[in-house]
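Just below is one structure, and these are the notes that go with it.
Laboratory data are not the source of any read-out in this text; all were calculated from the coordinates shown. These numbers come from a predicted model, not from an experiment. Heads up, the Cβs are rebuilt from the backbone with ideal geometry, glycines too, and the neighbour counts pull from every protein chain shown.
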Amino acid sequence: MTLCTPETANVFAAGTSSYGVSDLAMLANDTHKFESQYLFKLVGGTPEEVPEIYAARSPVKHADEIRSPLLILQGSDDAVVPPNQAETILKIIKDQGGVVEYVLFEGEGHGWRKAENVKKALETECNFYERMFKLGAS
């Protein structure tokens, strides 16, 4: 799922971001060198070369348009997409009064490796959607 662009801001009734990018320019500075070069190729240049593309494709620049509940799942040791990506969008959505939940998986990187965290992530996401869509036993 695309975290948020003007085209997708109100398409989804709720969503989950698993170790997702929220600010491309910040990611270019914070990710490890291998991933930064990959990012430059994907975006078409560096933040200095194509700042308008970085802004247009960064969910933080469109976070004020997010109206649907969002669950954010993040690994504390993620070197590819560091936790500050999750925490930045979390703060913006909270500050505007949006519905957002954040779960930080200690000791995990970009994705879940520990079986208990895979289970917890899936259960957390299922519970989130059950609550948002008022599903389950009544």
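For the range 5-74 versus the range 93-138, the inter-centroid distance based on Cα atoms is 20 Å.
Within the chain, the selection of entire DSSP H helices by a Cα span of 27 Å or greater along the long axis and an average Kyte-Doolittle value of at least 1.6 returns an empty list.
Each residue, PHE12 and GLU123, gets one label point 7 Å from its Cα in the Cβ direction; the gap between the two is 2.3 nm. Close amide H pairs (under 5 Å, H built 1.01 Å from N) link GLU101 with LEU70, LEU71, ILE72, residues at least 5 positions away or on another chain.
Rg then Dmax, both in Å and based on the Cα atoms of the chain: 15.5, 55. A crude spin-label estimate for the pair ARG67 and ARG113, with each label 7 Å from Cα along the Cβ direction, gives 4.2 nm. Most simply put, the chain has about 10% antiparallel DSSP beta bridges, counting only bridges with both residues inside it. For the range 99-138, the percent of C-alpha pairs falling in each 10 Å distance bin, counted from 0 to the bin holding the largest distance, reads 26, 46, 24, 4. Would you list which lysines come within 17 Å of LYS94, measuring only between C-alpha atoms, while excluding same-chain residues fewer than 8 positions from it? Within reach: LYS61.
Across the chain, the relative contact order, built from alpha-carbon pairs under 8 Å that are at least six residues apart, equals 28 percent. Taking 7 Å steps out from each Cα toward its Cβ at HIS32 and GLU106 produces label points 2.3 nm apart. Orientation-averaged projection of the range 13-89 equals 5.1 nm² [convex hull of Cα atoms, one quarter of hull surface area].
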